[in-house]
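The values are calculated or read from the model by the stated rules, or taken from the named source; none is laboratory data. Please read these numbers as outputs of a predicted model, since none were measured by experiment. No Cβ is skipped: glycine too gets one built from the backbone with ideal geometry, and neighbour counts run over all protein chains shown. Note: accessible area is taken over every heavy atom of the protein model, side chains too, but ligands, DNA and RNA are not part of it. Shrake-Rupley method; radii C 1.70, N 1.55, O 1.52, S 1.80 Å.
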2 protein chains.
Amino acid sequence: MAKKYTEKYVIPSYECDRSDYLKIPTLVKILIQISGNQSKSLGVSDAYVHTFGLGWIILQHDISIKRLPVAGETVTLGTEAANYNKFFCYRNFWILDEEGNECVTMETTFALMDLKERKMGSVLDEIIAPFESEKIKRIKRGEKVLPVEEITQSKEYSVRYYDIDDNQHVNNAIYLDWMIDVLEIDWLTEKRPSSVSIKFNKEIRYGEVVTSSYQQDEDNTSRHQVTVGEDICAEANITWHS
Amino acid sequence: MAKKYTEKYVIPSYECDRSDYLKIPTLVKILIQISGNQSKSLGVSDAYVHTFGLGWIILQHDISIKRLPVAGETVTLGTEAANYNKFFCYRNFWILDEEGNECVTMETTFALMDLKERKMGSVLDEIIAPFESEKIKRIKRGEKVLPVEEITQSKEYSVRYYDIDDNQHVNNAIYLDWMIDVLEIDWLTEKRPSSVSIKFNKEIRYGEVVTSSYQQDEDNTSRHQVTVGEDICAEANITWHS
């Protein structure tokens, strides 16, 4: 059984939207932060991973939302590096409320990138062993993300200085900022997301201008893409309820 | 003596820039958050203030930065509602490192707004008494903020959905996002701010497009303004060092 790691967290007001619900990009940020905290606590911090010439990259998040935490609420953030194969690591995350009810789960697919060659490296024992993850043979596929086929609406965003993290590219959570912001305010005010699947294809750098586009499906799903020129850098599907 | 309130805080990576320094807008957000936490702990939460038809507004922040906290660092955030007069409340904030050294201080001028009339209300005893602030006669002026006289560079920003807080206007920290982002990346990478004074004149709402402009002074100071059409919504001066 993979080692579990949890932290208490009080949802700050400034991480909430105008209706006091936790912002979706922040939901991803706080979960990814605790995976970093677990790694550090097990002696396999990002700095240690860098000594092998490797860095973690995120390929996909599959988020399921029963209830979005609200401003001032105390929650428990949890994670475990569930299992892995030669190239991919699969991590589970969860957010519990004070009564122990599951509010949010997230499954994330990570890989290791060779920082010099800029291509995928294989998962090293030295890096993965401390998590006591299960080694599996098969490649797990995340949720299928349907592509945007007909654009309902688009908006351009310049990459901002603060969008760049210490990997010198746009932080993975920022893509969700652009994907949410392009939606109509009435939609955002009346609806809540119940699931988000986002797939990352290509990193984005400072100085680039991205286009965030979405397609409104009839079944309360929005399909999203973030493009730079001809490149589709990320795609997502979000399902919504009233 | 005004009651002091402190909280420990671990600087998350996702609140840091590409060089691992705490983002300036976040610095303001985490401090304002603890003033809200103090108010709640003393039974005078924002919700209680609203029962008088009033809401807190921020008029000015004067920030002095000896050293910006870095990712992973544990700091102590502190505040006290130092003193007040008929219309204004003056609050002190500080950030200490683990050895107790002062990294950052901030002085903020608050006022109470009559939410119906949209004009300033006077400071009520029921709201201020629990803080044990000193009542003073004089009007304290924050640092003088020099206006932009000749624009070096400007950039437009559309207000985003997540820029709006539960007061239904742009959160005060977002103005600093726009003010920082308009600067050259080389400047931002090589320099650190040593002081920031920001004065708020007019609220900004969803759907508006703002222009963030700055003037580069010869003495390592940048003067900033955020405008909507003819209105100057906020002005700031930032001093920098290498």
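Scan the range A:157-173 and report the pairs whose first residue is among the acidic types (Asp, Glu) and whose second residue is open to solvent by 10 Å² or more (accessible area, probe 1.4 Å) and assigned to a loop (DSSP other than H, G, I, E, B), with Cβ atoms within less than 8 Å and a gap of 6+ or a chain change.
Listed pairs, sorted by first residue: A:ASP163/A:ASN171; A:ASP163/A:TYR206; A:ASP165/A:ASN171; A:ASP165/B:ARG18; A:ASP166/B:ARG18; A:ASP166/B:SER19; A:ASP166/B:ASP20; A:ASP166/B:ALA71.
Going by the structure shown, is A:LYS66 modelled with pLDDT of 95 or more, open to solvent by 40 Å² or more (accessible area, probe 1.4 Å) and within 13 Å of A:MET106 (Cβ to Cβ)?
For A:LYS66, the condition - modelled with pLDDT of 95 or more, open to solvent by 40 Å² or more (accessible area, probe 1.4 Å) and within 13 Å of A:MET106 (Cβ to Cβ) - is met.
Please enumerate the residues belonging to the range A:1-13 that are open to solvent by less than 30 Å² (accessible area, probe 1.4 Å) and under 18 Å from B:SER35 (Cα atoms).
First pass over the range A:1-13, keeping only residues open to solvent by less than 30 Å² (accessible area, probe 1.4 Å): A:2, A:11-12.
Of everything in the range A:1-13, those that are open to solvent by less than 30 Å² (accessible area, probe 1.4 Å) and under 18 Å from B:SER35 (Cα atoms) turn out to be A:ILE11, A:PRO12.
Sort out which residues of the range A:41-55 are in contact (Cβ under 8 Å) with a residue 12 or more places away in the chain and more than 13 Å from chain B (Cβ to nearest Cβ), and write them in order of number. Walk me through how you get there before you give the answer.
First pass over the range A:41-55, keeping only residues in contact (Cβ under 8 Å) with a residue 12 or more places away in the chain: A:41-44, A:48-50, A:52-55.
If the condition is that a residue be in contact (Cβ under 8 Å) with a residue 12 or more places away in the chain and more than 13 Å from chain B (Cβ to nearest Cβ), then A:LEU42, A:GLY43, A:VAL44, A:TYR48, A:VAL49, A:HIS50, A:PHE52, A:GLY53, A:LEU54, A:GLY55 are the ones that fit.
Results for (1) under 23 Å from A:ASP163 (Cβ atoms); (2) assigned by TED's automatic domain parsing to the domain that holds B:ILE57; (3) among the basic types (Lys, Arg), shown as yes or no for each residue.
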site	(1), (2), (3)
B:ILE164	yes, no, no
B:ASN167	no, no, no
B:LEU188	yes, no, no
B:SER195	no, no, no
B:LYS202	no, no, yes
B:VAL209	yes, no, no
B:GLU218	no, no, no
B:THR221	no, no, no
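Which of (1) away from every other protein chain (no Cβ under 14 Å); (2) touching a Ser or Thr at 6+ places or on another chain (Cβ under 9 Å); (3) among the β-branched types (Val, Ile, Thr); (4) over 26 Å from B:LYS40 (Cβ atoms) is the odd one out, the single condition A:ILE58 does not satisfy?
(1)
For the condition in the same structural domain as B:SER13 (by TED's automatic domain parsing) and more than 16 Å from the chain's Cα centre (by Cα), what is the one hit in B:SER122, B:SER64? Before the answer, list the steps.
Working: B:SER64 fails: more than 16 Å from the chain's Cα centre (by Cα).
After applying the criteria, what remains is B:SER122.
Please go through the range A:138-153 and pick out each residue that is without any contact (Cβ under 8 Å) to a residue 60 or more places away in the chain and surrounded by 13 or more Cβ atoms within 10 Å (Cβ to Cβ).
Taking the range A:138-153 as the starting set, the residues that turn out to be without any contact (Cβ under 8 Å) to a residue 60 or more places away in the chain are A:138-141, A:144.
The one that is without any contact (Cβ under 8 Å) to a residue 60 or more places away in the chain and surrounded by 13 or more Cβ atoms within 10 Å (Cβ to Cβ): A:LYS140.
Hey, can you tell me all the residues within the range B:94-118 that are of a type in the set (A, V, I, L, M, F, W, C) and either more than 24 Å from B:ILE139 (Cα to Cα) or in contact (Cβ under 8 Å) with a residue 40 or more places away in the chain (or both)? Give the derivation first.
So in the range B:94-118, the residues of a type in the set (A, V, I, L, M, F, W, C) come out as B:94-96, B:103-104, B:106, B:110-113, B:115.
Passing the criteria: B:ILE95, B:LEU96, B:CYS103, B:VAL104, B:MET106, B:PHE110, B:ALA111, B:LEU112, B:MET113, B:LEU115.
How many of the residues making up the range B:148-184 are over 20 Å from A:VAL182 (Cα atoms) and at pLDDT 95 or above?
The qualifying residues number 17.
Conditions: (1) in contact (Cβ under 8 Å) with a residue 40 or more places away in the chain; (2) within 19 Å of the chain's Cα centre (by Cα). A:GLU73 meets all but one. Number of the miss?
(2)
Any idea which of (1) touching a strand residue (DSSP E or B) at 6+ places or on another chain (Cβ under 8 Å); (2) open to solvent by less than 20 Å² (accessible area, probe 1.4 Å); (3) not polar (S, T, N, Q) is the one B:GLU134 doesn't satisfy?
That leaves (2) as the condition not met.
Would it be correct to say that B:VAL70 is within 24 Å of B:HIS241 (Cα to Cα) and within 14 Å of chain A (Cβ to nearest Cβ)? Break it down into steps so the answer makes sense when it comes.
Working: within 24 Å of B:HIS241 (Cα to Cα): yes; within 14 Å of chain A (Cβ to nearest Cβ): yes.
Yes, satisfied.
Keeping to the range B:5-40, report how many residues are more than 12 Å from every other protein chain (Cβ to nearest Cβ) and under 16 Å from A:SER13 (Cα atoms).
Going through the range B:5-40 one residue at a time, the tally reaches 1.
If I go through the range A:38-61 residue by residue, how many of them are open to solvent by 40 Å² or more (accessible area, probe 1.4 Å) and part of a helix (DSSP H, G or I)?
6
Run B:CYS89 past the list (1) without any contact (Cβ under 8 Å) to a residue 60 or more places away in the chain; (2) within 14 Å of another protein chain (Cβ to nearest Cβ); (3) part of a strand (DSSP E or B) and report the number of the one that doesn't hold.
Only one criterion in (1) without any contact (Cβ under 8 Å) to a residue 60 or more places away in the chain; (2) within 14 Å of another protein chain (Cβ to nearest Cβ); (3) part of a strand (DSSP E or B) is unmet by B:CYS89, namely (2).
Pick out, from the range B:115-217, the helices (runs of 4 or more DSSP H) lying fully within it that include 3 or more residues that are within 14 Å of another protein chain (Cβ to nearest Cβ) and hydrophobic (A, V, I, L, M, F, W, C).
Details: elements: B:125-128, B:174-181, B:185-190.
Once the helices (runs of 4 or more DSSP H) in the range B:115-217 are filtered for at least 3 residues that are within 14 Å of another protein chain (Cβ to nearest Cβ) and hydrophobic (A, V, I, L, M, F, W, C), what remains is B:174-181, B:185-190.
Could you check A:SER194 against (1) within 25 Å of A:GLU208 (Cβ to Cβ); (2) surrounded by fewer than 20 Cβ atoms within 10 Å (Cβ to Cβ); (3) not aromatic (Phe, Trp, Tyr) and say which number it fails?
(1) is the only condition that A:SER194 fails.
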